[in-house]
Amino acid sequence: MSGNEALMGVYNRAPLEVDRGEGVWLHATDGRVYLDCVSGIATNALGHCHPRLVAALKDQAEKLWHVSNIFRIPAQEQLAHKLTQASFADVAFFANSGTEAIECAIKTARRYHAARGDGHRIDVIGFAGSFHGRTYAAVNASGNAAYLDGFGPRLPGYVQIDLDDEAALVAAIAAPTAAAVLVEPVQGEGGARALSPEWLLRLKDMCRKAGVLVIHDEVQCGMGRTGRLFAHQWAPGAEPDIMAIAKAMGGGFPIGACLATRDAASGMVVGSHGTTFGGNPLAMAVGLAAFDLLADPTLLDHARQMGERFMSGLGKLVVAFGDIALDVRGKGLLIGVKLAVNNREMMATARDHGLLVAGGGDNCIRLLPPLIITDKEVDEALDRLATAFAATRRRLAQAA
Ligand SMILES: *Cc1c(COP(=O)(O)O)cnc(C)c1O
């Protein structure tokens, strides 16, 4: 162990030290090279060290890193303009992470009601298997017991519902205390579960009738991951009132944002929220460069095609390795494979075969490659996964 004792022991870290990255490839300090289908958990969407992002970062680093939000920041205004032009939203607030974007989304929703004299409307309705980050509000919103345990009493005003329990959802939305429904259009950590357009449309309709806001958590599924700039764009008409985005926004530079309609953000006035670092010039320079690349229809088209290539290859693997893999789910390049064997062990086996994959709920492994992955690299990832499945099958046969 080298220095681990000086770190708070909150992570279960794999024994892998990365020295440098290039595109979809990671070079470890021991010389081994890995095909990266983790991408910093859906963050390095443009691959590692994309030349345009490197140039934007270097240029800005020599001009200006940081000024306070008490001054105008032109690049922030530009990125807000681009994001709102490309979405349902009218306004943006910039943060440094996904969980901060969620925090802002929840505060925006509650303040919307408070500003209209409905301060009793505080309930944030979330779903089992969701993940919204690790701030106190975010863990209360997801309701995951493992993330709440030992952190004192649960906060009031958070409700969780099973995604399949429509009756409970209807009741929660009808409650006089309901403020907003918070949902990931494609659940990430929960195991790449994509909600149908019909489900999202029904939710939107129910919420609109009840005066309840819809918040989409697109921290993982947004910014091109599903082959559309935002995942809910697969469901025209299902646009939320508020949306949190982050992960891929800066291609690895920490940026988050809360987007909202002008109406939904009507309670967010001077003094009601703020941040020191959020939206600083360095982050915005990278964010602008990343946005132009990620919003390019050619790249989104490519991501869709690579997603289909993966899905069809994985479908064949599930048939060939029915004892190892059970099914394939997800959307675009947010892909989950539900396993019949332990997913943590499979992550290690895949790593031994030069392929990095993420874990996920429901005993899934998740494949979240950079959106720039090529045909050849998709096929290489599928080959490596097939090899890992075969090795697992051999190991199980030997153990039997
Ligand atoms: C990662 C994630 C978050 C939290 O983002 P952080 O940057 O880790 O705070 C929130 N929601 C979803 C859906 C995520 O995948």
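Quick notes on this one:
- Output for region 41-54, where each listed residue is more than 16 Å from the ligand (Cβ to nearest atom) and among the β-branched types (V, I, T): V54
- If the condition is being more than 16 Å from the ligand (Cβ to nearest atom), touching a residue at least 12 places away in the same chain (Cβ under 8 Å) and part of a helix (DSSP H, G or I), then region 200-215 contributes L201, L203, K204, M206, C207, A210.
- Criterion: crowded, with 19+ Cβ neighbours inside 10 Å, farther than 17 Å from A80 by Cβ and under 13 Å from the mean Cα position of the chain (by Cα) - qualifying residue of G188, G256: G188
- Taking the numbered list (1) away from the ligand (no atom under 16 Å from the Cβ); (2) within 19 Å of I255 (Cβ to Cβ); (3) not polar (S, T, N, Q) in turn, A95 passes all entries but (1).
- Candidates A45, A14 - the one that is in contact (Cβ under 8 Å) with a residue 40 or more places away in the chain, under 28 Å from F277 (Cα atoms), in contact with a Lys or Arg (Cβ under 9 Å, 6 or more places away or on another chain) and part of a loop (DSSP other than H, G, I, E, B): A45
- In region 34-54, the residues that are of a type outside the set (G, A, S), farther than 24 Å from A92 by Cβ and surrounded by 11 or more Cβ atoms within 10 Å (Cβ to Cβ): Y34, L35, D36, C37, V38, H48, C49, V54
- Pick from region 168-195, criterion within 15 Å of the ligand (Cβ to nearest atom) and not in a strand (DSSP E or B), ranking: farthest from C37 (Cα to Cα): L195
- Scanning region 366-400 for residues that are within 15 Å of D323 (Cα to Cα) and crowded, with 23+ Cβ neighbours inside 10 Å yields L385, A388, F389.
Results for (1) part of a helix (DSSP H, G or I); (2) surrounded by 20 or more Cβ atoms within 10 Å (Cβ to Cβ); (3) within 16 Å of the ligand (Cβ to nearest atom), shown as yes or no for each residue.
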| residue | (1), (2), (3) |
| --- | --- |
| A56 | yes, yes, no |
| D59 | yes, no, no |
| S68 | no, no, no |
| L79 | yes, yes, no |
| T84 | yes, no, no |
| G117 | no, no, no |
| G126 | no, yes, yes |
| A138 | yes, yes, yes |
| A141 | yes, yes, yes |
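- D149 being in the same structural domain as L259 (by TED's automatic domain parsing), exposed (fewer than 14 other Cβ atoms within 10 Å of the Cβ) and either within 16 Å of the ligand (Cβ to nearest atom) or within 23 Å of the chain's Cα centre (by Cα) (or both): no
- Listed conditions (1) farther than 25 Å from P15 by Cα; (2) crowded, with 18+ Cβ neighbours inside 10 Å are all met by D323, apart from (2).
- Tally, over region 138-150, of residues that are closer than 16 Å to E184 by Cβ and of a type in the set (A, V, I, L, M, F, W, C): 3
- Test set (1) within 19 Å of the chain's Cα centre (by Cα); (2) without any contact (Cβ under 8 Å) to a residue 40 or more places away in the chain - G224 fails condition number: (2)
- Scanning region 216-265 for residues that are more than 19 Å from I335 (Cα to Cα), out of contact with any helix residue (DSSP H, G or I) (no Cβ under 6 Å at 6 or more places or on another chain) and more than 16 Å from the ligand (Cβ to nearest atom) yields P236, E239, D241, T261, R262, D263.
- Residues of region 330-365 that turn out to be under 23 Å from Q187 (Cα atoms), in contact with a Lys or Arg (Cβ under 8 Å, 6 or more places away or on another chain) and surrounded by fewer than 21 Cβ atoms within 10 Å (Cβ to Cβ), as a count: 4
The values are calculated or read from the model by the stated rules, or taken from the named source; none is laboratory data. All values reported here derive from a predicted model rather than from experimental measurement. FYI the Cβ positions are ideal-geometry reconstructions off the backbone, even for glycines, and counts take in every protein chain you see.
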